[in-house]
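The values are calculated or read from the model by the stated rules, or taken from the named source; none is laboratory data. All values derive from a computational prediction rather than experimental measurement. FYI the Cβ positions are ideal-geometry reconstructions off the backbone, even for glycines, and counts take in every protein chain you see.
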Amino acid sequence: MGKFIIEEAKRCLNCKKPMCKEGCPVNTPINEIIEMFLNGSIMECGEKLFENNPLSVVCSLVCPHENQCEGHCILGKKSSPVQISLIENYISDYYLNFNTNKTIKKINKKVAIIGSGPAGITIAIMLATKGYDITIFEALDNIGGVLWYGIPEFRLPKSVLLKLKDKLITMGIKIRPNTLIGSAITIDDVFRDGYKAIFIGTGVWKPRNLGIKGETFGHVHYAIDYLKNPSVYNLGKRVCIVGAGNVAMDVARTALRNGSTDVNIMFREGPESIEAEAIEVEYAKIDGVKFEYFKSPIEIIDEGIKCVKTEIVTDSYGNKKIEYCEFTEEVFEADSVILAIGQGPRSNIVSNTIGINVNGIGLVEVDEVGRTTRNGVFASGDVVTGAKTVVEAVRVSKMVAQAIDEYICSLEE
């Protein structure tokens, strides 16, 4: 692996106008990093990566690189692009093995971070480097949010997140696990205790249901719940997953790694309409996942799913819609059914807090830099946008961290 990474790094053309950087949502200076790496300055380029993107080590594993940095590499036009993700991961992972924190002058101002997902971690690190006293409140027992509980081990090893946790601790960031804000502790309680600002990055953990008969049966599960701890589930051999996003692919591949041998994805449209990244679909197929296209569930029964065939029709205005085909009802047999049709935010914070507005589907309303409708409270990440990529959460959260800093500084004026 080490030799391959060096060979890949040497393929970099060090373009004067690096398209790879432009293709990265957080503008990672890839050409500079690779040059530093080849010159033996791995710690310096590791630091540069971390300062630009605190979740560089994660993004190097889970980003859709084929659409971003690698997809914009000039070499990819005629041959294969430089495998930037592998180089970035090697550097970022190496860097986290060492305690290289700079001496930071503390400013004795507290900021609360609610939720330790990608947005929360990014803002905690960004503000800690400015000297703020940071406390992360995490509802579960491990940090990472969707990184820990929503992305399978084979895609994102837990060891990577444990290194990030160690980094947070060495930076002086306090982590308070198993603490759900909005019940015993409220937003008002946090402000009462002297915190200058509060950031909400609680993600989307409320699974959406189909609203059909049979969803309460014992062999029916929600994808976001299953991925939290797959080992406690007994799915049986034949599994049917409803939905075709990236989460559905993760569930299917995880089920195969946990004893199920016949795993199927049911989707009411065709392969061209799948929401998951193309590479994730390919990996699912390689792992042995089967696809049932143009089928829609109408009821869940003990034996599996009652479904009907569907077709895409276009009306006179050119609008496409899905219609059920008459007399096509059938039973798709399955030991377990997993619903992977999306998720939304929980309401434990906003329902116990005055002044934080949400939209019609419960997402927190913010302005362009993450300010909510309550003074001193900020938000970003999936709780604002719905489920997005990790790097998108980092991109927005860097701006929100700056806005929090400016807000606190304004309090003294």
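Within segment 306-333, which residues are in contact with an Asp or Glu (Cβ under 8 Å, 6 or more places away or on another chain), touching a residue at least 24 places away in the same chain (Cβ under 8 Å) and more than 14 Å from Y293 (Cα to Cα)?
K306, V331, E333
Within segment 316-333, identify whether any single residue is surrounded by 22 or more Cβ atoms within 10 Å (Cβ to Cβ) and either in contact with a strand residue (DSSP E or B) (Cβ under 9 Å, 6 or more places away or on another chain) or under 24 Å from G218 (Cβ atoms) (or both), and answer yes or no.
For segment 316-333, residues surrounded by 22 or more Cβ atoms within 10 Å (Cβ to Cβ) and either in contact with a strand residue (DSSP E or B) (Cβ under 9 Å, 6 or more places away or on another chain) or under 24 Å from G218 (Cβ atoms) (or both): absent.
Looking at the structure I just gave you, is S347 among the hydroxyl-bearing types (S, T, Y) and closer than 30 Å to S183 by Cβ?
Judged against the criteria, S347 is a match.
Given the criteria surrounded by 17 or more Cβ atoms within 10 Å (Cβ to Cβ) and farther than 20 Å from N142 by Cβ, does G218 qualify?
no
Got a sec? Which of R155, R192 is surrounded by fewer than 17 Cβ atoms within 10 Å (Cβ to Cβ) and over 26 Å from R395 (Cβ atoms)?
R192
With the condition being touching a Ser or Thr at 6+ places or on another chain (Cβ under 8 Å), I'd like the strands (runs of 3 or more DSSP E) fully within segment 287-361 carrying at least 2 qualifying residues.
Counting at least 2 such residues, we get 295-301, 304-314, 320-324.
Among (1) assigned by TED's automatic domain parsing to the domain that holds A284; (2) over 29 Å from L339 (Cβ atoms); (3) hydrophobic (A, V, I, L, M, F, W, C), where does M171 come up short?
(1)
Taking into account only those residues within segment 81-97 that are of a type in the set (V, I, T) and assigned to a helix (DSSP H, G or I), which is farthest from E47 (Cα to Cα)?
The residue in question is I84.
Give segment 377-413 a look and list any residue that's at pLDDT 95 or above, over 23 Å from V58 (Cβ atoms) and outside any helix (DSSP H, G or I), or say none.
Result: V377, single match.
Output the number of residues of segment 343-362 satisfying the condition of being surrounded by fewer than 18 Cβ atoms within 10 Å (Cβ to Cβ) and over 21 Å from V190 (Cα atoms).
Looking only at that region, the number is 5.
Quick one: which of V62, V111 is crowded, with 22+ Cβ neighbours inside 10 Å and in contact with a Leu (Cβ under 8 Å, 6 or more places away or on another chain)?
Residue meeting the stated conditions: V111.
Show the residue pairs that are 6+ apart or on different chains and have beta-carbon atoms under 6 Å apart, the first residue being within segment 169-197 and touching a residue at least 60 places away in the same chain (Cβ under 8 Å), the second being surrounded by 12 or more Cβ atoms within 10 Å (Cβ to Cβ) and in a strand (DSSP E or B).
Pairs that qualify, where the first residue is touching a residue at least 60 places away in the same chain (Cβ under 8 Å) and the partner is surrounded by 12 or more Cβ atoms within 10 Å (Cβ to Cβ) and in a strand (DSSP E or B), are I181/I114; I181/F137; V190/A112; V190/I198; G194/K110; Y195/K110; Y195/A112; A197/V111.
So which residues in segment 27-48 are surrounded by fewer than 24 Cβ atoms within 10 Å (Cβ to Cβ), within 18 Å of E70 (Cα to Cα) and in contact with a Lys or Arg (Cβ under 8 Å, 6 or more places away or on another chain), if there are any at all?
The answer is N27, P29, N31, E32.
Please enumerate the residues belonging to segment 300-315 that are within 16 Å of G218 (Cβ to Cβ) and either surrounded by fewer than 17 Cβ atoms within 10 Å (Cβ to Cβ) or touching a helix residue (DSSP H, G or I) at 6+ places or on another chain (Cβ under 7 Å) (or both).
Answer for segment 300-315, where residues must be within 16 Å of G218 (Cβ to Cβ) and either surrounded by fewer than 17 Cβ atoms within 10 Å (Cβ to Cβ) or touching a helix residue (DSSP H, G or I) at 6+ places or on another chain (Cβ under 7 Å) (or both): I301, D302, E303.
Quick check on segment 277-297: of everything there that is of a type in the set (V, I, T) and surrounded by 17 or more Cβ atoms within 10 Å (Cβ to Cβ), which residue is nearest to Q68 (Cα to Cα)?
Residue satisfying both the conditions and the ranking: V281.
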